[in-house]
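Everything below concerns the one structure shown next.
The values are calculated or read from the model by the stated rules, or taken from the named source; none is laboratory data. If you're wondering where the values come from, they're calculated on a predicted model, not measured in any experiment. Positions of Cβ are generated from backbone atoms using ideal geometry, with glycine treated the same way; all protein chains shown enter the neighbour counts. Just the protein is used for accessible areas: all its heavy atoms, side chains included, with ligands, DNA and RNA removed. Shrake-Rupley method; radii C 1.70, N 1.55, O 1.52, S 1.80 Å.
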Amino acid sequence: MEIDLVYNFGDEKRGYQGKIFRDGFEEFLTNRVNRRYYDVEGSEHFVKIFSKVQNADFEAGFLTTLATLRKKPIGWRIGESITECYLEDYENVKLPYKSSRDDRNPNSNSQGADIIGFLISKEILFIIGEIKTSRDETKPPSVVYGNHGLIYQLTQLKTKREKRLDLIKWLGHKLEGLDNSDETKQLYVKAVKTYSESLHTKIKLIGVLVRDTEPKENDLKNPYTTLTNDIHDEMQLKLLALHIPIKISDLATGIGANSFAN
């Protein structure tokens, strides 16, 4: 997929960027993002595990039905999956567990943070953050502000040590309880070591706006200024605006049906 950098401020430790997805986005959406959004890998694992249970007295296709249960695609959720795939494919990020597997209600947002995983760099760092999808022409859009806005949520992650620890513990439980590789668990150990030795401050915070509007630096400039105020010297921060070439209202159509069920 072709991605253009349209504005850039700061460095690897702290900064913000605006990027446009161009040629190849439709294929990225219908293949890579589709598998992420519908958690095809998780569905395959689910069916494989329970198909092996002896004396399972049910019709075999029912497992596939269970694994693929989900209401119609939702724009903001697809925006989250676009971001997750982008981070893994282009930003040296590993997101080892899909938090949507914990949903009781697929129409609601998860609590805690949208992003929790590892940044693979000179050191292994935890990366935690939030994603907002908006077609609001205002710059910054309204999803940046308020008690559920990007600035407030990232400020909570920046200032609340207990909130960061809860997320780190949650991820550890998930990695231990799943069939994850030793390599993934080693990433967790290394990130914990880096974090603890920095007195709970060396971590990457990330905030992402998924937009279908014209790129403007004002989307991120003021939020970045606010968030870097009184930030600990060890703490890293990146804000991203990802501009997609189709309307957010068309994402549900563009992503297509669950590829696991086909």
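Looking across the stretch 125-160, the residues that are open to solvent by 10 Å² or more (accessible area, probe 1.4 Å) and either part of a loop (DSSP other than H, G, I, E, B) or modelled with pLDDT under 95 (or both) come down to 135, 136, 137, 138, 139, 140, 145, 146, 147, 148, 160. If the condition is being farther than 16 Å from residue 247 by Cα and of a type in the set (Asp, Glu), then the stretch 26-45 contributes 39, 41, 44.
Being touching a Gly at 6+ places or on another chain (Cβ under 7 Å) and at pLDDT 95 or above is the requirement here; does residue 206 meet it? So residue 206 passes the test.
Given the criterion open to solvent by 70 Å² or more (accessible area, probe 1.4 Å), among the acidic types (Asp, Glu), out of contact with any helix residue (DSSP H, G or I) (no Cβ under 6 Å at 6 or more places or on another chain) and on the phi < 0 side of the Ramachandran plot, identify the matching residue among 234, 197. Residue meeting the stated conditions: 197.
Checking 59, 44 one by one, the residue that is in a helix (DSSP H, G or I), out of contact with any Gly (no Cβ under 7 Å at 6 or more places or on another chain), modelled with pLDDT under 90 and surrounded by fewer than 15 Cβ atoms within 10 Å (Cβ to Cβ) is 44 and no other.
For the stretch 206-216, the criterion of being in contact with a helix residue (DSSP H, G or I) (Cβ under 6 Å, 6 or more places away or on another chain), farther than 21 Å from residue 6 by Cβ and open to solvent by less than 50 Å² (accessible area, probe 1.4 Å) is met by none of the residues. Selection within the stretch 97-117: residues that are in a helix (DSSP H, G or I) and among the polar types (S, T, N, Q). The member of this set that is modelled with the highest pLDDT is 99. For the stretch 8-32, a residue qualifies if it is out of contact with any Asp or Glu (no Cβ under 8 Å at 6 or more places or on another chain) and farther than 29 Å from residue 158 by Cα, and the qualifying residues are 25, 26, 27, 28, 29, 30, 31.
When you look at residue 120, is it open to solvent by 40 Å² or more (accessible area, probe 1.4 Å), within 26 Å of residue 181 (Cα to Cα) and modelled with pLDDT of 65 or more, yes or no? Judged against the criteria, residue 120 is a match.
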